[in-house]
């Protein structure tokens, strides 16, 4: 009887052990984090009624052709002269002497900043009747004298942009040397763009 009881207990123990060894293991909890996809934000169309003028791009209207200012080369500055300018002194010094001890001296001039202008030259120590040269300049460049020979009682009557008018007088038989009454004859000297042209002819009373 005791043997049967022991056998029964041993069989029960074997069944219990076998069940534990052959049992199905339970699944371990997973530690992986499932991947998620970020949702794209939905596009929002603004309500036209809520868009103000400040948010609208400002456009500049095209300029009218009449409003455009033409851009050209700047105007050249005028070249001004004076009686002491190098161009004037060099031109006066180049004149042939009429008196050995009297060099030519620049004594008067026209508009110093005019494109076409003149300079008067007299011998040093000259009197009213002394021979006079008129020298012409264009853009500060010396061009030459009004006449080949200098003549007394010569004076400039008028000057314009391109013309110098010169009066020539001469003494009559009864005139005092300082107060001639002959004439005047007026000669125009004009700059034609390339040279000075003389309009008129000097009378023999002037040229001798």
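What follows is calculated from the coordinates using simple rules that are stated; it is not laboratory data. Remember, it's a predicted structure, so these values are computed and weren't measured experimentally. Cβ placement follows ideal geometry from the backbone for every residue including glycine, while neighbour counts extend to all protein chains displayed.
Tabulated data for the structure shown
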{"read-out": "Anisotropy class of the range 86-202 from Cα gyration tensor, a/c 1.5 cut", "value": "oblate"}
{"read-out": "Peptides 161-173, 78-90 ordered by average Cβ neighbours within 10 Å, highest first", "value": "161-173, 78-90"}
{"read-out": "Stokes-Einstein D in µm²/s, Kirkwood radius over Cα pairs - the range 152-208 at 10 °C with 1.306 mPa s viscosity", "value": "129"}
{"read-out": "Rounded FRET efficiency, nearest 0.05, which uses the C-beta distance separating residue 201 from residue 173 and R0 of 35 Å", "value": "0.95"}
{"read-out": "Pair residue 82, residue 181: separation of 7 Å Cα→Cβ label points (nm)", "value": "4.2"}
